[in-house]
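Undergrad: Sending over a structure as structure tokens; questions will come in a sec.
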Amino acid sequence: MQCNYCEWRCDLTGGKPGVCRMYEEAGGAIRERFPHRWSSCISSRIESIPFYHVRPGSRVLVIGTMGCNFSCRYCSNAFIAKEDPTIVQERMLQFSPAEVVRKAKQMGCWSIVFNVNEPAMSFPTLQELAEVARSEGVSLGCLTNAYTTEEATELLASIFSFFNIGLKGLSPTFNREHIGIPSAEPILRNIRRLAATRHVEVTTPIIESVNDGELEQMARFLADVDPEIPWHVFRLLPEDEMKEARYPNVEKIAGALDSVRSILPYVYFHNFVGSEWVNTLCPGCDSVVVERFSLGCGGDRLKAFHCVEKGCPDCGREIRLLGDVAEQWNSREVNR
Amino acid sequence: MSVAIIDAREWQKTFDLRTGETVADRHPLFGMVQGVQERHPYPGDLDVAGNRWVTDTALDLMEQYDPSFVFLTYAQQYFSGRYSVLTDADWPATVAAVFEEVERFVARSGFTPLIVGTGGMTPLAASIDLTRLDGLALCTHWSARYAGLHDPSPRDLQTVAAHPEIERIVTRDDFRQLFRDSPSDGSRAPEYLLVAREGCMFKTAGGAFRQVRRVPSPGYFIPVSACLEDVSDVTDIRKAVDRRISTGRVALIFVEGLGADDFPWPSRKVANGREWFFYETGDAQYLTITTGRHQVFEYPPGYRYFEEDGPGKEFPFSGYFRSVPEDTIGATSAARSIAVGNRSMFMHMAAGADISLECFARNLYNQGTMAVIHRSDKA
């Protein structure tokens with residue numbers, strides 16, 4: 001019995017665990033091993049995910065499960081993504097989809113964002129969640145590595161309305177040695193597919209002298225997909241197997257990014273405290289239209305929102321933004 | 001204007017602490033502090049070199065600034081104790097290691113040390129699951145013993161009342177009454193404060209990321225240096241420090257995660273709270289010590305923190321702090337002061353020192369250091 005959720009297409013016959021260890025064969029079908037179990041259910045700011053072009057300044061409920069189909073050497077959440085999912089069960093939160101949506105509303109969140117690990121680990125649970133969330137008017141977004149099969153990518157598109165996709169590198173050598181996958185081709189295919197119908201932002205962690213040489217090539221690919229796709233270039237925060245690695249040189253990477261800003265208008269460089277490359281500039285007149293603080297690793301926040309509706313206050317050009325900016329984003333607390 | 005100098009490893013930037021705006025002005029102190037930050041990259045919360053970093057950084061900063069008052073926090077053992085598997089044999093060695101650092105600081109600086117153990121730790125015995133309540137249960141700022149319960153249903157109140165691991169349920173009014181002399185009025189305290197029994201911690205909707213191994217042990221009394229003979233309550237420490245600053249060079253040293261049983265030097269016990277309430281290590285305890293007044297309600301346990309975390313919040317580099325606390329030791333002292341610590345990003349707020357230098361790590365992710373300069377005009 002083959003699992004077709006991700007490109008590994010693991011054979012789960014006879015109790016084989018598969019790469020992610022999150023699915024099993026049962027009764028002639030693929031079954032989720034730990035449905036409705038969550039590693040996180042906490043409110044945060046949408047910039048911290050990061051989403052810079054979705055309801056700026058809004059409060060979101062951050063959820064995650066466990067497990068991953070990648071083995072990134074620098075994983076920031078290895079204690080939940082790489083750990084044997086059986087071992088972590090006792091400290092997981094157990095919520096039905098309706099309870100997750102209720103928690104979101106109790107904390108005044110208009111959106112729920114799947115973060116922490118890979119959503120492809122928990123497809124059936126997330127499908128249920130999407131159904132409840134939709135009926136309650138709560139939108140869903142996610143961070144994903146997009147290493148899903150074509151059919152599973154359609155599932156992702158049916159569950160989530162906004163995505164931040166990790167494009168970690170292009171070369172097969174990099175992907176083999178640092179990510180543990182043979183090729184980035186399925187990811188490129190899925191970025192193209194999801195960006196066609198959903199709001200997509202892309203994140204790329206940069207390891208100096210390893211994948212920084214691919215910046216322009218990645219920018220050109222993204223511009224071909226969508227000339228206004230927001231791109232978050234992360235300074236690698238060395239963790240897990242790369243904990244002893246050198247912190248990448250900020251000025252050098254910032255300099256390299258200067259040249260790709262002529263290819264893509266919304267290029268950000270962050271994941272370190274105090275970054276000055278987190279503001280949104282109007283592609284028409286270069287005015288600062290959204291200002292942010294960078295607090296590094298999952299801590300960014302909105303500083304000021306200058307757009308008039310969705311337009312530049314100076315030249316009126318439309319700025320890429322998902323969501324009605326007139327909404328009272330953070331006033332949705334409800335009682336029981 | 002207070003400024004924050006961020007050192008994100010090989011990259012530095014200076015900001016207005018309140019607004020977060022970049023600061024272009026140069027002051028001689030800025031360069032001096034940046035040099036100290038550059039020479040002392042932070043090893044990380046769980047790294048055994050974390051406490052050595054405190055001593056080395058403090059000594060370097062003292063050499064440049066010549067303070068009369070130094071505030072230090074050693075916290076590596078607290079992080080390790082909380083999240084690492086430590087055997088019974090590991091803990092004494094860990095305590096010995098941190099006191100070696102304290103001794104090294106004292107020997108090299110010649111300052112009179114006034115040491116405070118912020119409270120011991122005990123192995124986690126049980127988690128109290130509050131996630132299935134109808135109302136919203138919240139734990140804030142790494143608290144294990146206290147949770148806030150907001151908008152509970154009658155069923156919730158029955159459930160928590162019957163729970164064997166919950167020691168006490170306190171209404172907001174009763175909580176406010178207990179600390180009626182606090183500067184803040186307690187209006188932001190939760191509707192109900194739930195108090196866990198010894199060895200237990202609350203599990204609320206939030207992160208279940210890292211496995212907690214140890215939680216604060218009953219800390220009704222905490223140890224302080226025996227020389228603080230005029231101190232019997234945690235709120236007395238401030239006055240005792242003030243008296244000593246007026247006559248000599250003093251270092252107030254917090255050793256995190258240590259209770260009276262762990263304290264290797266002659267010590268005495270001082271009350272660390274009131275009646276059923278004791279401070280867990282954290283901002284409230286720090287502020288209580290540095291201001292000499294109970295500060296339970298400034299950022300009360302279990303409050304709805306997310307409501308204050310929206311756009312427009314000032315002090316972006318200071319976590320949940322919304323203002324610089326008044327009347328802290330450093331803020332009111334005429335003497336030059338510094339603070340160095342590896343506990344959290346609230347040290348610059350709680351100490352009020354002229355110059356603070358602390359790790360910038362969130363959830364154990366090491367992002368560098370932050371220095372805050374509150375004053376640059378002392379001779």
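Undergrad: Mind checking which aspartates and glutamates have their Cα closer than 15 Å to the Cα of A:K303? Skip sequence neighbours fewer than 8 apart in that chain.
TA: Counting by Cα, and skipping residues close in sequence, A:K303 has these aspartates and glutamates nearby: A:E47, A:E276, A:E291, B:D16, B:E21, B:E308, B:D309, B:E314.
Undergrad: Provide A:V225, A:V200 ordered by accessible surface of protein heavy atoms (probe 1.4 Å), highest first.
TA: Ranking A:V225, A:V200 by accessible area, largest first, yields A:V225, A:V200.
Undergrad: I'd like to know how the protein assembly as shown sits against the 2.2 N^0.38 Å rule of thumb: what's its Cα Rg over that expected value?
TA: Expressed relative to 2.2 N^0.38 Å, the Cα Rg reads 0.96.
Undergrad: Taking θ as phi - 60°, what are the ³J(HN,Hα) couplings along the stretch A:273-279 by the Karplus curve (6.51, -1.76, 1.60), each to the nearest whole Hz, with x for Gly and Pro?
TA: Each residue of the stretch A:273-279 in turn: 5, x, 3, 9, 10, 10, 8 Hz.
Undergrad: Need one value for A:97-103: mean number of C-beta atoms belonging to other chains within 10 Å of its residues' C-beta atoms.
TA: Taking the mean over all residues of the peptide, I get 1.
Undergrad: For chain B, with all protein chains present and a 1.4 Å probe, just round the carbon and sulfur fraction of the accessible area to a whole percent.
TA: In chain B, the share of accessible area belonging to carbon and sulfur is 47 percent.
Undergrad: Still on this structure: About its Cα centre, what dipole magnitude does chain B give when the only charges are +1 on Lys and Arg Cβ and -1 on Asp and Glu Cβ, stated in debye to the nearest 20?
TA: Roughly 60 debye, rounded to the nearest 20.
Undergrad: Same structure again: Chain A: percent of C-alpha pairs farther apart than 34 Å?
TA: That fraction is 21 percent.
Undergrad: Using alpha-carbon positions, what is the distance between the centroids of the stretch B:267-327 and the stretch B:154-172, in Å?
TA: So the separation of the two Cα centres works out to 25 Å.
Undergrad: Moving on to the next point. If you count only protein heavy atoms and use a 1.4 Å probe, how large is the accessible surface of B:W11, to the nearest 10 Å²?
TA: Rounded to the nearest 10, that gives 10 Å².
Undergrad: Per-residue HN-Hα couplings for the stretch B:38-51, Karplus 6.51 cos²θ - 1.76 cosθ + 1.60 at θ = phi - 60°, whole Hz, x for Gly and Pro?
TA: Once θ is set to phi - 60°, the couplings for the stretch B:38-51 become 5, 6, 10, x, 6, x, x, 4, 9, 6, 5, 7, x, 6 Hz.
Undergrad: Spelling out what I want: for every residue of the stretch A:124-133, take phi, set θ = phi - 60°, compute 6.51 cos²θ - 1.76 cosθ + 1.60 (Karplus), and round to whole Hz; glycine and proline get x.
TA: Couplings: x, 4, 6, 5, 5, 4, 4, 5, 5, 4 Hz.
Undergrad: Another question, then. How fast does the stretch A:86-205 diffuse by Stokes-Einstein, in µm²/s, taking the Kirkwood radius from C-alpha pairs at 20 °C and 1.002 mPa s?
TA: 140 µm²/s
Undergrad: Please state, to two decimals, what the Cα-based radius of gyration of the stretch A:155-203 comes to when divided by 2.2 N^0.38 Å (N = residues).
TA: After normalising by residue count via 2.2 N^0.38 Å, the value is 1.21.
Undergrad: On to the next question. For B:D90, put the label point 7 Å out on the Cα→Cβ axis and report which residues of the stretch B:49-63 keep their amide N under 15 Å from it.
TA: Backbone N within reach: B:49.
Undergrad: Heavy-atom accessible area of B:E38 with all protein chains present, probe 1.4 Å, nearest 10 Å²?
TA: Accessible surface of B:E38 is approximately 130 Å².
Undergrad: Still on this structure: Just B:I115, B:I253, B:I128 to compare: in a GNM of chain B, with alpha carbon springs under 10 Å, which one fluctuates most?
TA: Of B:I115, B:I253, B:I128, the most mobile in the Gaussian network model is B:I128.
Undergrad: DSSP beta bridges in the protein assembly as shown, what fraction antiparallel, as a percent rounded to 5?
TA: Restricted to the protein assembly as shown, the bridges split so that about 55 percent are antiparallel.
Undergrad: Additional query: Considering amide H positions built from the backbone, and no H for Pro or chain starts, which residues 5 or more places from B:H150, or on another chain, come under 5 Å of its amide H?
TA: B:L136, B:A137, B:L138
Undergrad: Let me ask something additional. When the Cα centres of the stretch A:85-131 and the stretch A:8-65 are compared, how far apart do they sit, in Å?
TA: 8 Å
Undergrad: Shielding by partners for B:151-160, please: the mean number of other protein chain Cβ atoms within 10 Å of each residue's Cβ.
TA: So the per-residue partner count for this stretch is 1.
Undergrad: Pull up all non-local amide H partners of B:R168: gap of 5 or more, or a different chain, and H-to-H distance under 5 Å with H placed in the peptide plane.
TA: Here B:V195 satisfy the definition.
Undergrad: Just need the relative contact order of the stretch A:144-288 here, percent rounded to a whole number, with Cα pairs under 8 Å and 6+ apart.
TA: 19 percent
Undergrad: Mind putting a number on the dipole of the stretch A:35-271 about its Cα centre? Charges go on the C-beta only, +1 for Lys and Arg and -1 for Asp and Glu, and I need it in Debye to the nearest 20.
TA: 560 debye
Undergrad: A further question on this structure: When the helices in the protein assembly as shown are scored as -39500 (n - 2.57) per DSSP H run of 4 or longer and the sum is shared across all residues, what 222 nm value do you end up with, to the nearest 500 deg cm²/dmol?
TA: -7000 deg cm²/dmol
Undergrad: Under a 1.4 angstrom probe, counting protein chains only, how are A:R59, A:R33 ranked by accessible area, largest first?
TA: Ranking A:R59, A:R33 by accessible area, largest first, yields A:R33, A:R59.
Undergrad: Heavy atoms only, probe 1.4 angstrom, no DNA, RNA or ligands counted: give me B:W91, A:W110 ranked by accessible area, highest first.
TA: A:W110, B:W91
Undergrad: Another question, if that's okay. Considering all projection directions equally, how large on average is the shadow of the alpha-carbon convex hull of chain B, in square nanometres?
TA: Computed as one quarter of the Cα hull surface, the answer is 17.7 nm².
Undergrad: Tell me which lysines have Cα within less than 25 Å of A:K243's Cα, excluding those fewer than 8 residues away on the same chain?
TA: List returned: A:K82, A:K168, A:K252, B:K13.
Undergrad: Over chain A, calculate the relative contact order: mean separation of alpha carbon pairs under 8 Å at least 6 apart, over the residue count, as a percent.
TA: 17 percent
Undergrad: Treating only the Cβ of Lys, Arg, Asp and Glu as charged (+1, +1, -1, -1), what charge dipole size does the protein assembly as shown show about its Cα centre? Round to the nearest 20 debye.
TA: So the dipole magnitude of the protein assembly as shown works out to roughly 560 debye.
Undergrad: Classify the stretch A:198-336 as rounded, prolate or oblate, taking a ≥ b ≥ c as the square roots of the eigenvalues of its Cα gyration tensor: rounded when a/c is under 1.5, otherwise prolate if a/b is larger than b/c and oblate if not.
TA: oblate
Undergrad: Give the distance, in whole Å, between the Cα centre of the stretch A:171-187 and the Cα centre of the stretch B:207-228.
TA: Between the Cα centre of the stretch A:171-187 and that of the stretch B:207-228, the gap is 45 Å.
Undergrad: Let me ask something additional. Normalised by the residues of chain B, what does the relative contact order come to in percent, with Cα pairs under 8 Å and at least six apart?
TA: It comes to 25 percent, rounded to a whole number.
Undergrad: Could you work out how far apart the two model spin labels at B:A97 and B:D173 are, taking each label as a point 7 Å from the Cα in the direction of the beta carbon, and quote it in nm?
TA: So the two model labels end up 5.1 nm from each other.
Undergrad: Given H placed on each backbone N at 1.01 Å, which residues far from B:G206 in sequence or on other chains put an amide H within less than 5 Å of it?
TA: Residues meeting the amide H criterion: A:C41.
Undergrad: I would also like to ask the following. By how many nm would the segment from B:T112 to B:R155 grow when fully extended, if each residue of separation counts as 0.36 nm and the alpha-carbon distance is taken off?
TA: 10.0 nm is the gain from fully extending B:T112 to B:R155.
Undergrad: Keeping all protein chains in the complex and leaving out DNA, RNA and ligands, what accessible area do you get for B:K269 with a 1.4 Å probe, in Å² to the nearest 10?
TA: 130 Å²
The values are calculated or read from the model by the stated rules, or taken from the named source; none is laboratory data. Predicted model only: the values in this text are computed from it and were never measured. Neighbour counts run over all protein chains shown; Cβ positions are idealised from the backbone, glycine included. The protein model used for the area step is the full one, side chains on, heavy atoms only, and it has no ligands, DNA or RNA in it. Shrake-Rupley method; radii C 1.70, N 1.55, O 1.52, S 1.80 Å.
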